[in-house]
1. Considering the stretch 152-182 alone, what residues qualify as being under 30 Å from Lys123 (Cβ atoms) and touching a residue at least 60 places away in the same chain (Cβ under 8 Å)?
2. Among the residues of the stretch 175-219 satisfying the criterion of being among the β-branched types (Val, Ile, Thr) and out of contact with any helix residue (DSSP H, G or I) (no Cβ under 6 Å at 6 or more places or on another chain), which is surrounded by the most Cβ atoms within 10 Å (Cβ to Cβ)?
3. For the stretch 122-151, enumerate the residues that are part of a loop (DSSP other than H, G, I, E, B) and under 20 Å from Lys111 (Cβ atoms).
4. Which pairs do you get when a residue that is in contact (Cβ under 8 Å) with a residue 12 or more places away in the chain and crowded, with 24+ Cβ neighbours inside 10 Å, found in the stretch 275-286, comes within reach of a residue that is part of a helix (DSSP H, G or I) and of a type in the set (S, T, N, Q), reach meaning Cβ atoms under 8 angstrom, with the pair 6+ apart or on two chains?
5. Could you say which residue among Asn292, Asn279 is assigned to a loop (DSSP other than H, G, I, E, B) and either closer than 27 Å to Phe216 by Cα or within 16 Å of the chain's Cα centre (by Cα) (or both)?
6. Take Ser318 and decide whether it is of a type in the set (Ser, Thr, Tyr) and open to solvent by 30 Å² or more (accessible area, probe 1.4 Å).
7. Consider Gln260 against the criteria (1) touching a residue at least 24 places away in the same chain (Cβ under 8 Å); (2) farther than 30 Å from Pro158 by Cβ; (3) of a type in the set (S, T, N, Q): it satisfies all of them except one. Which criterion is unmet?
8. Considering only the stretch 217-249, state which residues are part of a loop (DSSP other than H, G, I, E, B) and on the phi > 0 side of the Ramachandran plot.
Amino acid sequence: MRGVLLLLCLVLAVEAVKPPNIIIMLMDDMGWGDIGVNGNWAKETPNIDKMASEGLLFMDFYTANPLCSPSRAALMSGRLPIRNGFYSTNAHARNAYTPQTMVGGIHEYEKLLPQLLKTADYKSKIIGKWHLGHREQFLPLNRGFDEFFGSGNCHFGPYNDVQQPNIPVYKDDKMVGRYFTNFTINKATGESNISQIFLGEGLSFIESQNAAGNPFFLYWTPDATHGPTYASPMFHGKSRRGRYGDAVMEMDYAVGAILQKLKDLEIDRNTFVFFTSDNGAATYSKAAGGDNGPFVCGKETTYEGGMREPGIAWWPGSIPAGGITHNSARSWISSPPV
């Protein structure tokens with residue numbers, strides 16, 4: 001099987017009698033070996049492991065690129081970076097990485113997943129890290145999403161606000177503050193409540209769309225596991241793997257809360273959820289980075305550790321519980337040769 005996440009979402013939306021809700025949980029720099037079901041020793045992910053036991057675990061799930069921006073561009077467009085424009089030929093596979101100083105973004109000719117789902121009357125929201133362009137024309141509300149809470153970039157900083165401002169955070173099309181300035185990240189201690197804000201936004205969106213009777217697409221993409229890693233006080237100092245492990249524990253808590261919300265609202269049997277990561281763990285960060293299990297290297301390399309990611313599909317009543325597949329699966333569609 002050559003699994004294609006975007007194509008699966010579209011087939012579900014178009015062919016179902018009652019279109020299922022769709023949630024993609026995209027972690028940031030989380031490695032294949034960071035979850036317990038893939039052998040991690042730290043026992044930080046009971047909810048993610050439970051998700052796998054209730055769904056289908058992909059042992060061979062691959063991203064399109066070992067770096068944030070191009071992998072996300074491929075996920076949203078269904079096309080490889082070399083085809084969707086997010087590529088370059090230098091700097092160790094940094095294909096079109098979009099830091100704050102760059103002016104580019106995902107091209108308007110690329111039809112993204114929320115734009116396609118809109119034709120099936122889906123309401124879509126992205127929460128967290130967009131990373132496909134931070135200028136107005138590239139932001140999520142101009143690329144098919146109905147709602148947005150998060151940033152066009154990662155939580156880099158802090159900056160001095162003289163030569164370079166701190167990175168903005170948006171609610172829909174309005175800036176509501178900046179990382180470090182208004183949305184606090186204590187770089188010295190690694191404490192921040194941002195993941196809890198992202199979780200609250202996700203739960204609220206699920207509740208509101210369910211109440212309105214709309215099929216919905218939630219793209220939940222927090223960045224706490226991307227350096228500099230952070231976690232809220234309730235998880236700070238809890239992991240035996242330091243700050244990175246604290247962030248993983250909070251991500252696991254959020255995954256459990258979202259799945260439980262679906263069950264509480266009795267819409268779990270009509271909601272397809274997929275959990276994965278944008279690229280492999282940043283092994284160059286050493287103890288401050290994640291775990292790629294037995295695989296060589298990590299983020300920014302095309303070795304297995306950079307390209308193979310955790311992958312879990314969950315849909316009670318439609319995906320049999322406890323499944324494991326070693327068939328190769330991936331997050332993009334390759335167009336056949338003409």
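The values are calculated or read from the model by the stated rules, or taken from the named source; none is laboratory data. Everything numeric here is computed off the predicted structure, so don't read it as measured data. Quick reminder, even Gly has a Cβ in these numbers, built from the backbone with ideal geometry, and neighbours come from all protein chains shown. To get the accessible areas, we keep the full protein, side chains included, count just its heavy atoms, and leave off ligands, DNA and RNA. Shrake-Rupley method; radii C 1.70, N 1.55, O 1.52, S 1.80 Å.
1. Cys154, His155, Ile167
2. Only one residue tops the list, namely Ile194.
3. Tyr122, Trp130, His131, Leu132, Gly133, Arg135, Leu139, Arg143, Gly144, Phe145, Asp146
4. Partner pairs satisfying both residue conditions: Asp278/Ser71; Asn279/Ser71.
5. Only one candidate passes the filter, namely Asn279.
6. Yes, satisfied.
7. (1)
8. Gly237, the sole residue that qualifies.
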